[in-house]
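Chemist: Let me begin by handing over the structure; questions about it come next.
The values are calculated or read from the model by the stated rules, or taken from the named source; none is laboratory data. Note that the structure is a prediction, hence the values are computed from the model and not measured. Positions of Cβ are backbone-derived with ideal geometry, glycine not excepted, and every protein chain shown enters the neighbour counts. To get the accessible areas, we keep the full protein, side chains included, count just its heavy atoms, and leave off ligands, DNA and RNA. Shrake-Rupley method; radii C 1.70, N 1.55, O 1.52, S 1.80 Å.
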Amino acid sequence: MNVLIKSATILDSKSDFHNQTQDILIEKGIITNISKRIKNPNNYKEIQLENLHISQGWFDSSVCFGEPGFEERETIANGLKTAAKSGFTNVALNANTNPVLDTNSDISFVKSIAQNNAVSLHPIGALTKNSQGKDLAELFDMTNAGAVAFSDYKKPISNPNLMKIALQYAGSFNGLVCSFPQENNIAGQGVMNEHITSTTIGLKGIPALAEELQVARDLFILEYTEGKLHIPTISTTKSVALIREAKKKKLDVTCSVAIHNLVFSDDALTGFDSDFKVSPPLRTKQDIDALLSGLKDGTIDMVTSDHNPLDIEHKKLEFDFALDGTIGLESAFGALNTILPTKTVVKLLTKGKERFGIEDSTISIGNKATMSLFNPDISYEFSKEDIISKSKNAIFKGYTLKGKAYGIIANKKIIL
């Protein structure tokens, strides 16, 4: 793959060309020259786009693609196309398939489908067999097949001893355990955040306590085992405080927040639109402020679209019966860029790779070309026409976004 990129503003704090507008020459997938003006003597393909900005490739630590088993929701091929068009060069795939990804062969299967794609797919194996929370899955075998972490997607581990054993065992080969932060005995049959809005509109609530008890428990177990823990999609003020204190103790813990939990509060549910039914639920404006503070001071390590395609039969139902989840890859950059400065957004979207053992690639001469291309200044209303996913359950439909991805250059391929 040979290409000449013209007049691109580089946003990469690790690069010598950070904040500069440069031409970039890529030959056979390697950056061979970065300069103010580069001639094109070999008649290479040229990329020249309006207000073009380039950064290291973006990473999403939590996406669902359905395949195998739920291809009506999404396939791996179309999911990776969606990721590429949305500016992501690397995605971590959740295990909520049918069958659940809980063996070496399951991990090998999804990786084989994703071979030779511009986007690199990194499977997250199930933490327990069939994600039932009873017995540990084949963690080490899945690592050998390419699993980057272990998680029962949106299913908390209720047995504290099982969590202890998981952290101890995974620690023997530097494995990353992910624990969804919800105590189901407290959450009960709740469908949204327990607060004034849930009382007003008459929906059963999930208290913030349900999340915070689980976070506190897992951090105590982590301290005991000296393991390696990732807590995905935290959503409450107290969760941020608990993880902040754990990091002061030097515990090996990271966490993420879903982008929609940074934008929408539980007030958005007054219309009973099931696209706003997510897990963890949308919380209060005070929680949003705490999450943003956690991002700014480094307590929260990364953001995720928490992309979860759901077919209309499972989403367009009465609110109580609709499944939790929203797609988010297509809107991720624009939504974040609406509430945070572009440089901060780029930093957040490129963080997290090291935690999941994914190679980083700065925009420097001699490095592999793994980059996201975008325009940070365009404003538009996100609509159904912007959705590439097979499923259309988008929480940001009708929302005005600022900034849009053009695509990616990665693995010697160009997707625009």
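Chemist: Among the residues of segment 321-337, write down those that are open to solvent by less than 60 Å² (accessible area, probe 1.4 Å) and over 16 Å from the mean Cα position of the chain (by Cα).
Modeler: Ala322
Chemist: Among the residues of segment 209-226, are any in contact with a Ser or Thr (Cβ under 8 Å, 6 or more places away or on another chain), in contact (Cβ under 8 Å) with a residue 60 or more places away in the chain, on the phi < 0 side of the Ramachandran plot and among the hydrophobic types (A, V, I, L, M, F, W, C)?
Modeler: No: zero hits.
Chemist: Further, regarding this structure: Determine, yes or no, whether Asn90 is in contact (Cβ under 8 Å) with a residue 60 or more places away in the chain and open to solvent by 40 Å² or more (accessible area, probe 1.4 Å).
Modeler: no
Chemist: Answer yes or no: is there a residue in segment 25-33 that is open to solvent by 60 Å² or more (accessible area, probe 1.4 Å), of a type outside the set (A, V, I, L, M), touching a residue at least 60 places away in the same chain (Cβ under 8 Å) and closer than 24 Å to Lys404 by Cβ.
Modeler: The answer is no, given that none of the residues of segment 25-33 is open to solvent by 60 Å² or more (accessible area, probe 1.4 Å), of a type outside the set (A, V, I, L, M), touching a residue at least 60 places away in the same chain (Cβ under 8 Å) and closer than 24 Å to Lys404 by Cβ.
Chemist: Kindly indicate whether any position in segment 175-190 is of a type in the set (A, V, I, L, M, F, W, C), in contact with a Pro (Cβ under 7 Å, 6 or more places away or on another chain), within 18 Å of Gly325 (Cα to Cα) and part of a strand (DSSP E or B).
Modeler: Checked segment 175-190: no residue is of a type in the set (A, V, I, L, M, F, W, C), in contact with a Pro (Cβ under 7 Å, 6 or more places away or on another chain), within 18 Å of Gly325 (Cα to Cα) and part of a strand (DSSP E or B).
Chemist: In segment 170-199, how many are in contact (Cβ under 8 Å) with a residue 40 or more places away in the chain and of a type in the set (Val, Ile, Thr)?
Modeler: 3
Chemist: Every residue in segment 48-65 that is part of a loop (DSSP other than H, G, I, E, B) and open to solvent by less than 10 Å² (accessible area, probe 1.4 Å), please.
Modeler: Passing the criteria: Leu52, Gly57, Cys64, Phe65.
Chemist: Which of the residues belonging to segment 64-85 are hydrophobic (A, V, I, L, M, F, W, C) and more than 20 Å from Glu385 (Cβ to Cβ)?
Modeler: Cys64, Phe65, Phe70, Ile76, Ala77, Leu80
Chemist: Scan (1) open to solvent by 40 Å² or more (accessible area, probe 1.4 Å); (2) under 19 Å from the mean Cα position of the chain (by Cα) for the single condition Tyr224 breaks and write down its number.
Modeler: Result: Tyr224 passes all but (2).
Chemist: Can you tell me which residues in segment 174-213 are within 21 Å of Gly125 (Cβ to Cβ) and either open to solvent by 40 Å² or more (accessible area, probe 1.4 Å) or polar (S, T, N, Q) (or both)?
Modeler: Asn174, Ser179, Gln182
Chemist: Answer with yes or no whether Ser108 is among the polar types (S, T, N, Q), closer than 23 Å to Phe59 by Cβ and crowded, with 24+ Cβ neighbours inside 10 Å.
Modeler: no
Chemist: Moving on to the next point. State which residue is farthest from the chain's Cα centre (by Cα) when the search covers only segment 247-295 and only residues that are buried (at least 19 other Cβ atoms within 10 Å of the Cβ), among the charged types (D, E, K, R) and assigned to a helix (DSSP H, G or I).
Modeler: Asp266
Chemist: Also: Working carefully through the options Pro99, Pro68, Pro41, find the one that is part of a loop (DSSP other than H, G, I, E, B), open to solvent by 10 Å² or more (accessible area, probe 1.4 Å) and modelled with pLDDT under 95.
Modeler: One residue alone meets the criteria, Pro41.
Chemist: Give the residues of segment 120-139 that are closer than 11 Å to Ser151 by Cα and in contact (Cβ under 8 Å) with a residue 40 or more places away in the chain, sorted by residue number.
Modeler: Passing the criteria: Ile124, Leu127.
Chemist: Could you tell me which residue of segment 130-139 is farthest from the chain's Cα centre (by Cα), considering only residues that are buried (at least 16 other Cβ atoms within 10 Å of the Cβ) and in a helix (DSSP H, G or I)?
Modeler: Result: Leu139.
Chemist: Kindly indicate the residue of segment 338-348 that is farther than 15 Å from Val263 by Cβ and not hydroxyl-bearing (Ser, Thr, Tyr) and also most open to solvent (accessible area, probe 1.4 Å) among those meeting that condition.
Modeler: Top of the filtered list is Lys347.
Chemist: Right, next: Among the residues of segment 356-406, count how many are at positive phi and crowded, with 19+ Cβ neighbours inside 10 Å.
Modeler: 1
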